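K.L.:
Just passing along the structure, written as structure tokens.
The values are calculated or read from the model by the stated rules, or taken from the named source; none is laboratory data. Treat the numbers as computed from the prediction; the structure is a model and nothing was measured. Please note: Cβ atoms are built from the backbone with ideal geometry, for glycine as well, and neighbour counts cover all protein chains shown.
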Amino acid sequence: MTKKSQKSFSLAIHGGAGENVDKIRALEKESKESMAHVLEEGRKILAAGGTALDTVTLCVKLLEDNPLFSAGYGAAANAEGEFELDAAIMDGKTLEAGSVAAVLNIRNPVDLARLVMEKTEHIMLSGIGAGDFAKAHDIAMVTPEYFKEAHEKVPHMIERNKKHGTVGAVARDINGNLAAATSTGGWDAKMPGRIGDSPIIGAGCFADNDSGAVSCTGIGEDFMRTVLAAHIGFLIERCGLSAIDAAQEAINYLVKKVNGDGGFILVDKDGAVAIAQSSKVMRTGWIENGGETHTTLQPKIRADRKR
Ligand code: ASP
């Protein structure tokens, strides 16, 4: 590793993977502009010496507030028309983590997940307890109308009847600390009470300074069965794989084991970025070692699933 890469920072974000190529392509310009903006906001923090944790929190929050993405404001409703949201955050330096599952009326679930990490001795809160905890702290609450408004205001922006749509961010700061965060409304018309991979540490979100930071998107059940985010960390730390090799190996594994549908973003301990998918498209962007900002709907590392 060069001196430059030791002192530089990396950041990657995603706005969900999917199969509806036409619909996602129709929003390509808006999606890429939004992602580039989020990356530049993240760059400001990292370039000023800020932490990976603050960066992924801010990036996910900005994505949650954008109706183009199916988390926070633009989240999909469950079968009863309720907006039950999942989110997680993990600090690669300490292995501290926080997550919330199926929470109602929370504007930015990533903020609540971070609060769980910082203010409790637990990792995951759900149900009434999570709501009470949010109310007792400085967490922005909204009504269901807030989420409905996003759907009504910009129906063309929401990929309806899709099975998935999630946001995430992973970062390495100039001190070599890693962090990951993931947030979602889950599947459109999911069963009430259903919880996906996003708030499950090791499935949809993982960070460890000894390996990498990972955020996943796709059919959550596929990522839970394969514990994919932690699997990637294992490939790097225990098998000594590079970010690109670990990403290719992991996406192959997802397809081989469960014909899994989705993708992930990865920043490894040295700041290398790798993004992989088995879905047809994935909205994603990255900055590697303080370099240029990139966005794409077609990450290069792929595994083809049976359709
Ligand atoms: N993984 C998320 C879930 O299953 C959905 C997504 O990534 O789009 O809840």
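K.L.:
Quick test of your reading of the structure: P199 fulfils all but one of (1) modelled with pLDDT under 95; (2) within 9 Å of the ligand (Cβ to nearest atom); (3) not basic (K, R). Name the failing condition by number.
P.N.:
The failed condition is (1).
K.L.:
Sort out which residues of the range 264-288 are buried (at least 24 other Cβ atoms within 10 Å of the Cβ), out of contact with any Ser or Thr (no Cβ under 6 Å at 6 or more places or on another chain) and not polar (S, T, N, Q), and write them in order of number.
P.N.:
F264, L266, D268, A274, A276, M282, W286 - these are the residues of the range 264-288 that are buried (at least 24 other Cβ atoms within 10 Å of the Cβ), out of contact with any Ser or Thr (no Cβ under 6 Å at 6 or more places or on another chain) and not polar (S, T, N, Q).
K.L.:
Kindly indicate the residue of the range 66-102 that is under 12 Å from G193 (Cα atoms) and of a type in the set (D, E, K, R) and also surrounded by the most Cβ atoms within 10 Å (Cβ to Cβ) among those meeting that condition.
P.N.:
D86
K.L.:
Could you say which residue among E118, E64, E40 is at pLDDT 95 or above, over 17 Å from T182 (Cβ atoms) and in contact with a Ser or Thr (Cβ under 7 Å, 6 or more places away or on another chain)? If you could, list the steps in order and put the result at the bottom.
P.N.:
Working: E118 fails: in contact with a Ser or Thr (Cβ under 7 Å, 6 or more places away or on another chain); E64 fails: over 17 Å from T182 (Cβ atoms).
Among E118, E64, E40, only E40 is at pLDDT 95 or above, over 17 Å from T182 (Cβ atoms) and in contact with a Ser or Thr (Cβ under 7 Å, 6 or more places away or on another chain).
K.L.:
Please indicate, with yes or no, whether at least one residue in the range 166-179 is near the ligand (Cβ under 8 Å from one of its atoms), among the hydrophobic types (A, V, I, L, M, F, W, C) and either over 15 Å from A101 (Cβ atoms) or free of Cβ contacts under 8 Å to residues at least 60 places away in the same chain (or both).
P.N.:
Scanning the range 166-179, I find no residue that is near the ligand (Cβ under 8 Å from one of its atoms), among the hydrophobic types (A, V, I, L, M, F, W, C) and either over 15 Å from A101 (Cβ atoms) or free of Cβ contacts under 8 Å to residues at least 60 places away in the same chain (or both), so the answer is no.
K.L.:
Tell me which of these G42 doesn't satisfy, since it passes every other one: (1) crowded, with 22+ Cβ neighbours inside 10 Å; (2) of a type in the set (G, A, S); (3) on the phi > 0 side of the Ramachandran plot.
P.N.:
Condition not satisfied by G42: (3).
K.L.:
Mind checking which helices (runs of 4 or more DSSP H) fall wholly inside the range 2-109 and carry at least 3 residues that are within 20 Å of G212 (Cβ to Cβ), touching a residue at least 40 places away in the same chain (Cβ under 8 Å) and not β-branched (V, I, T)? Outline the logic, then answer.
P.N.:
On the way: elements: 3-7, 21-26, 28-47, 52-64.
Here the list reads 3-7, 28-47, 52-64.
K.L.:
Still on this structure, I have one more. Among the residues of the range 202-235, count how many are touching an Asp or Glu at 6+ places or on another chain (Cβ under 6 Å) and more than 12 Å from the ligand (Cβ to nearest atom).
P.N.:
5
K.L.:
Would you mention how many residues in the range 110-121 are touching a strand residue (DSSP E or B) at 6+ places or on another chain (Cβ under 8 Å) and touching a residue at least 24 places away in the same chain (Cβ under 8 Å)? It would help to see each step written out before you state the result.
P.N.:
Restricting attention to the range 110-121, the residues satisfying the condition of being touching a strand residue (DSSP E or B) at 6+ places or on another chain (Cβ under 8 Å) are 110, 112-118, 120.
Now narrow it down to the ones that are touching a residue at least 24 places away in the same chain (Cβ under 8 Å): 110, 112-115, 117.
Residues in the range 110-121 being touching a strand residue (DSSP E or B) at 6+ places or on another chain (Cβ under 8 Å) and touching a residue at least 24 places away in the same chain (Cβ under 8 Å): 6 in total.
K.L.:
Residue under question is D91, and the condition is that it be over 26 Å from Q298 (Cα atoms) and touching a strand residue (DSSP E or B) at 6+ places or on another chain (Cβ under 8 Å); does it hold?
P.N.:
On the way: over 26 Å from Q298 (Cα atoms): yes; touching a strand residue (DSSP E or B) at 6+ places or on another chain (Cβ under 8 Å): yes.
When the stated conditions are applied, D91 passes them.
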